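Worksheet: the structure to be examined is printed underneath.
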Amino acid sequence: MYTPTHFNMESKAEAISFIKQNSFGAMVVNKIAGLSATHIPFVYSESKDGLGFLFGHISVANQQMKEINEHTEVLVIFQGANAYVPSSWYDHVNVPTWNYIAVHVYGKIRIINGEELISSLGKLVDKHESNSLNAVTIESIPKDFLNSHIKGIIGFEIKIERMEGAKKLSQNRDDKNYGNIVSELEKAGDENSVEIAAHMRRLRKVD
């Protein structure tokens, strides 16, 4: 991922935190027939050494897994809020741009099944059911029902070998223009613009 130095994500911890908060990613695989991508939720798991693991699953009908083995490298793209920044928001002639936050994860994939798969599904369900009024757990799902549905999926683990994070939030602008961009994004009012403005406020004090 092309990332100028001033837009680099600051640390491994920041990239991991971003993945946890924006865990719906796009898994890209370079197959014999060409590139293939699947959009799925992931669960991040720490490791004692290394960068950790991603766990996920896809449908057995998905052709993406047909050529995958333990030597296959995959790319998973996680993207957060993003917003257009028009040239009219500057106090000088400039080009429009786009502010965004994204993390790319690279690693080798391994197929999982049995208790390993059930455990990864349990973590996924717990993560997303945590705020539900009547939360469901893997243990609360009837075993026959669960087992019949597990037959329709392929579970996998990705051992993370490399991460790249980009946080393009107008860091290269002076305080006056930086503050004006934040103000205009907040005025725009849409979810993406407001979230990008909030990230920018955390990066730099704005009057």
> Residues of the range 147-184 being in contact with a helix residue (DSSP H, G or I) (Cβ under 7 Å, 6 or more places away or on another chain) and farther than 30 Å from Val85 by Cβ, which ones?
Replying inline: Ile150, Ile154, Gly155
>> For a quick check of your reading of the model, give me the residue pairs whose first member lies in the range 6-18 and is modelled with pLDDT under 95, whose second is assigned to a helix (DSSP H, G or I), with beta-carbon atoms closer than 9 Å and at least 6 apart or on different chains.
In response: Met9/Ala15; Met9/Phe18
> Does Ser119 meet the test of being surrounded by 12 or more Cβ atoms within 10 Å (Cβ to Cβ) and hydroxyl-bearing (Ser, Thr, Tyr)?
Replying inline: yes
> Here are some residues: Ile111, Ile77. Which one is closer than 22 Å to Ile153 by Cα, assigned to a strand (DSSP E or B) and at pLDDT below 95?
Replying inline: Ile111
>> Among the numbered criteria (1) exposed (fewer than 14 other Cβ atoms within 10 Å of the Cβ); (2) without any contact (Cβ under 8 Å) to a residue 40 or more places away in the chain; (3) touching a strand residue (DSSP E or B) at 6+ places or on another chain (Cβ under 8 Å), which one does Glu70 miss?
In response: (2)
> Only one residue in Lys167, Lys159, Lys176 is under 30 Å from Arg201 (Cβ atoms) and touching a strand residue (DSSP E or B) at 6+ places or on another chain (Cβ under 7 Å), so which one is that?
Replying inline: Lys167
>> Give me the residue from the range 13-29 that is over 14 Å from Leu54 (Cβ atoms) and surrounded by 13 or more Cβ atoms within 10 Å (Cβ to Cβ) and, out of that set, nearest to the chain's Cα centre (by Cα).
In response: Ser17
> Which residues, counting only those in the range 130-152, are modelled with pLDDT under 90 and either part of a helix (DSSP H, G or I) or within 21 Å of Ile58 (Cα to Cα) (or both)?
Replying inline: Val136
>> Return the residues of the range 153-187 that are surrounded by fewer than 15 Cβ atoms within 10 Å (Cβ to Cβ) and farther than 26 Å from Tyr106 by Cα; say none if nothing qualifies.
In response: Asn172, Asp174, Asp175, Lys176, Ser183, Lys187
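The values are calculated or read from the model by the stated rules, or taken from the named source; none is laboratory data. None of these values were measured; they are calculated from a predicted model. Because the Cβ atoms are built from the backbone with ideal geometry, glycine has one as well, and the counts that use them run over all protein chains shown.
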